[in-house]
1. So what's the gap between the Cα centers of the stretch 1-21 and the stretch 199-221, to the nearest angstrom?
2. Compute the distance in nm between two label points, each set 7 Å from the Cα along the Cα-to-Cβ direction, one at residue 226 and one at residue 211.
3. Quote the relative contact order of the stretch 86-337 in percent (integer), defining contacts as alpha-carbon pairs under 8 Å separated by 6+ residues.
4. For the residue pair residue 165 and residue 136, what label-to-label distance in nm results when each label sits 7 Å from Cα along the Cα-to-beta-carbon direction?
5. Under a plain spin-label model, where a point goes 7 Å from the Cα along Cα-to-Cβ, how far apart in nm are residue 78 and residue 57?
6. With a Förster radius of 22 Å, plug the Cβ-Cβ distance of residue 303 and residue 127 into 1/(1 + (r/R0)^6) and report the FRET value to the nearest 0.05.
7. Estimate the FRET efficiency between residue 336 and residue 23 by the formula 1/(1 + (r/R0)^6), using the beta-carbon distance for r and 51 Å for R0, to the nearest 0.05.
8. How do 5-12, 142-149, 240-247, 175-182 rank on mean C-beta neighbours within 10 Å, highest first?
Ligand SMILES: [Zn+2]
């Protein structure tokens, strides 16, 4: 029985851990906003944030995740320029997913093969190197997955530099610390299996994870990048898009193992469909799926131990039949993953809107302005006001019909000559009125 003093002490530790995790998580979210904005534009992710109009550097407290934006009520402190709500939303969602995983792992109810009863935690967990390394690995993996998601959300191709960094971290981390495997690569091992020190197993775990990512990405091609050549022809249309899809799937595949990745993909495909109602219509099917992946991966990590024991979930403990059935469901998932059917008129309206807003232009790394226009009327880069410098001298965007109407430059597949001229007019008009008159 705990004495009252011990009881309050324990609760105080709980609250401190929770607040600290959320602060770290949302700060990572804030950094990912910067990454998602600057990396596709080839800019450095270092450097402090400043307002694009009045060039005031952001104060540290204004940069505070979520609450900084709320305290400013979404406007620059000095000149009242509006800041897009996207920034606090990303910070809050990334913060929530990382807090969830952090709590699950510090209190040790999330991962299989960790049998410490959770009453004896959290302090014992905070001094346990295995727990901390695994948590760090998962935080990195989820953050990288969010970075992929946010960049594809904007319709940009994933920057090569980011992909290389991501896989160096994920592959290197598992090879150096096999403890982060959590589950083994073969099916069926004794319940007391411990991953620490099993370097050969770690390499097999990585190979099986990467192979299944490539396999399932090709299965999803029909739903998410229909124009792509599954043979990955380097000159083929949409090859970059398919490579991105493989990278996006490879992250959870490495983290949860080849046995469970089919389960993650099924849930992610359902989440992607649900996101259709929440996200702007300019976000394409791959963008929604890329956002669904980090959400689903976080949930999988939190419920991992429970899923491992559930008969219906593909895992190292399940029967081969369950793994096969899950894989078969992934094969048919393009049926609900792909863009929903639209009437001709609706399609026309959507295309018009997209060409005003920016990104259906998924394959056009040159067409950087997609996201800029997309985030709407205001300056996009709230968290890091400086990025918006281009926006602020708006004329470059406004009079850039060649950029904005991208299909002509980018993915010829969507090019539609007929609408170009009328869209140009609409675009120019709209942006003169629609874009951020930062009044008041
Ligand atoms: Zn300002």
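We did not get these values from a lab; they are worked out from the coordinates using the rules stated. Everything numeric here is computed off the predicted structure, so don't read it as measured data. Ideal geometry is used to build each Cβ from the backbone, glycine not excepted, and the neighbour counts take in all protein chains shown.
1. Value for the Cα centre distance between the two parts: 41 Å.
2. That separation, rounded to one decimal, is 3.2 nm.
3. 26 percent
4. Those two pseudo-labels are separated by 1.8 nm.
5. Inter-label distance under the simple model: 1.1 nm.
6. Details: r = 26 Å, r/R0 = 1.16.
Here the calculated transfer efficiency is 0.30.
7. 0.85
8. 142-149, 240-247, 175-182, 5-12
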